[in-house]
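Right, one structure below, let's go through it.
The values are calculated or read from the model by the stated rules, or taken from the named source; none is laboratory data. Bear in mind the structure is a predicted one, so any value in this text is a computation, not a measurement. Here the Cβ positions follow ideal geometry from the backbone for every residue, glycine too, while neighbour counts run over all protein chains shown. These area figures cover heavy atoms from the full protein model, side chains too; ligands, DNA and RNA do not enter into them. Shrake-Rupley method; radii C 1.70, N 1.55, O 1.52, S 1.80 Å.
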Amino acid sequence: MADEVPSLAESKLTALVVDDNFVNQTMHHKLLDRLGIKNDVVCNGQEAVDVHCSGRNYDLILMDMEMPILNGIQATKRLREMGIESKIAGVTTRANEGDKKEFMEAGLNDFQEKPLTISKLLSILHRLDFHVQTYTMGSIADAANKEVNGTASEKRPAVIFVLGGPGSGKGTQCAYIVDHFGYTHLSAGDLLRAEIKSGSENGTMIQNMIKEGKIVPSEVTIKLLQKAIQENGNDKFLIDGFPRNEENRAAFEKVTGIEPKFVLFFDCPEEEMERRLLGRNQGREDDNIETIRKRFKVFLESSLPVIQYYEAKGKVRKIHAAKPIEDVFQEVKAVFSPEAEKVKRKQ
Ligand SMILES: Nc1ncnc2c1ncn2[C@@H]1O[C@H](COP(=O)(O)OP(=O)(O)O)[C@@H](O)[C@H]1O
Ligand SMILES: O=c1ccn([C@@H]2O[C@H](COP(=O)(O)OP(=O)(O)O)[C@@H](O)[C@H]2O)c(=O)[nH]1
C-alpha cells in the first residue's frame, strides 16, 4: 500500500517563488526543495508575469506582496486575467486586514504570513489539496527532529498503537488499560486539540483540518507525541488514534526509531460508531453527521491500510468492539496478559 501513495520527492509538482528579498528567495526555494518540489525563483511580479508569457506554468506560486515594478496584488490580478489557473499563495510580512483582503480578491487561493517554515508550507499544500501525505521522509523527519529539543530516539519506550474507527471506543478502553496495566495514554487527537487551545501558530490549521476530518501533517502530530513521551517519566505508552495513514506511520518510525510492540485494533461497524459519536456529547466540533461521514471515509481509505501493514507483520490484536464496554475490556485484558502475548508470538 505504501508504494501506492505518490511520493512528493518523485512528484511532478512545480512551484514559482516570487520575492524581491534574497533571504526569502533562498529560504522558500530550499523549503520547496526539501519537499521535492521543483521550483524557479523570480524577483518581482513583472518577472512572474513574463515567465508565464514565455509559456511556463506552475502548480503553485508563492507570491510576496510588496515588490518593485509589479507588486504581488498587481501580479496576481494580471496572472488571473491571463487565465493562469495555478494555485497562488500570498506569503507576506505583517499584512493588515485591508491589504490581505485586496490580495485575496486579486485571485489568491491561500495566504500565509512570513517567515515561511516547513510546517507552514505543508499547511499551504494541504489546504490547497496537493497530496503531500506522502513519502518525503528524509525532509519531514529532519524537519521534525530539528524543531524538537532532543528526540524520542534518546528514549525508546514501549509503544502500543491503539487504532480503530472514530467512536470505536479507543479512548474509553485506554482509560481501563491505564488503570490495570500502568501505561500512559497519549491521545493524538487530544494533543492536537490542546495545541489549538494553546493558541500556537499551528492552531488554526489544526482546527480547520479536524473540522474537515482531515489528517493533520505528520510533522505536527509527531512533534506533539515526541514531546509528550519525553516529558513523561513512564516507559510504556498507548498511542491512541495515531498513525492515521501510511505517511504518519513511516514518519513516526523514522523520526523516533520506535516500532510498536503491537497494534490494538478496535473493530466496530460504522452504524454503531455513528450512534456512539452522535451521543458522545463532549462538545466536539467534529462530532456532527457531516464530519463523521468524512472521518469514516478517511478511516477506510487512509487508516485501514496502516492496520493491514501491521497485520502483515503479525502485530495486530483485533478486538470485537461492538459489545458493552465491560465485555470489550475482557477481550482487551486477555491481550495484555503476558501469557496471551507468549501464545501469539509462538503462532
Ligand atoms: N463498548 C461501548 N458500548 C457503547 N458505548 C461505548 C462503548 N465504548 C465507548 N462508548 C461510548 O462511545 C463514545 C465514543 O467512545 P470513545 O472511547 O470516545 O471512542 P474513540 O476514542 O474511538 O473515538 C463515547 O461516548 C463512549 O462513552
Ligand atoms: O494522529 C492524528 C489524530 C487525530 N487527528 C485529527 O483529529 C481528529 C479526531 O481524532 P480523535 O482520535 O481524537 O477522534 P476519533 O476521530 O478517533 O474519534 C481526526 O479526525 C483528525 O482530524 C489527526 O489529524 N491526526
Segment 2-135 accessible area per residue, 1.4 Å probe, protein heavy atoms, integer Å², reads 47
Using θ = phi - 60° and the Karplus relation 6.51 cos²θ - 1.76 cosθ + 1.60, list the HN-Hα couplings for segment 189-195 in order, rounded to whole Hz, with x at every Gly or Pro. x, 5, 5, 5, 5, 5, 5
What base-10 log of the normalised intensity I(q)/I(0) is obtained for the chain from the Debye formula, alpha carbons as equal point scatterers, at q = 0.08, 0.09, 0.12 Å⁻¹? -0.45, -0.55, -0.89
Connecting every pair of Cα atoms under 10 Å apart in the chain and solving the GNM, the largest mean-square fluctuation among Ser218, Ser200, Ser303 falls on Ser200
Taking amide hydrogens as modeled 1.01 Å from N in the peptide plane, which residues meet the under 5 Å criterion relative to Phe161, leaving out close sequence neighbours? Ile239, Lys261, Phe262, Leu264
What ranking do 204-216, 62-74 get when scored by the average of other Cβ atoms within 10 Å per residue, highest first? 62-74, 204-216
Work out how much length Glu285 to His180 would gain on full extension: take 0.36 nm times their residue separation and subtract the Cα-Cα distance, in nm to one decimal. 34.7 nm
Row for segment 82-135, column shape: gyration tensor on C-alpha, a ≥ b ≥ c, rounded if a/c < 1.5 i.e. under 1.5, prolate if a/b over b/c, else oblate; value oblate
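Please work out how much length the chain gains when fully extended from Asp129 to Glu97, using 0.36 nm per residue of separation minus the C-alpha to C-alpha distance, in nm with one decimal. Before the final figure, lay out each step's value.
Numbers: separation 32, 0.36 × 32 = 11.52 nm, distance 2.49 nm.
That pair, Asp129 and Glu97, stretches by 9.0 nm at full extension.
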Order by protection proxy (mean Cβ within 10 Å, highest first), peptides 254-265, 169-180: 254-265, 169-180
Once phi is turned into ³J(HN,Hα) by the Karplus curve 6.51 cos²θ - 1.76 cosθ + 1.60 with θ = phi - 60°, what whole-Hz value does each residue of segment 30-40 show in order, with x for glycine and proline? 5, 4, 5, 4, 4, 9, x, 9, 5, 8, 10
For segment 280-294, Karplus couplings with θ = phi - 60° (6.51, -1.76, 1.60), whole Hz, Gly/Pro x: 5, 6, 9, x, 7, 5, 9, 8, 10, 4, 5, 5, 4, 4, 5
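Which of the peptides 270-277, 159-166 is most tightly packed, and how do the rest follow, judged by the mean count of other Cβ atoms within 10 Å per residue? Kindly include the intermediate steps, with their values, before the conclusion.
Working: 270-277: 16.8, 159-166: 25.2.
Highest to lowest by the protection proxy: 159-166, 270-277.
By accessible area of protein heavy atoms, probe 1.4 Å, what ranking do Ser198, Ser123 get, highest first? Display every interim value, and only then the final one.
Numbers: Ser198 80, Ser123 5 Å².
Order by accessible area, largest first: Ser198, Ser123.
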Under 10 Å, Cβ to Cβ, from Ile210 - net charge with Lys/Arg +1 and Asp/Glu -1: +2
Under 5 Å between amide hydrogens, which residues at least 5 positions from Asn39 or on another chain qualify, with H placed 1.01 Å from N in the peptide plane? Ala15
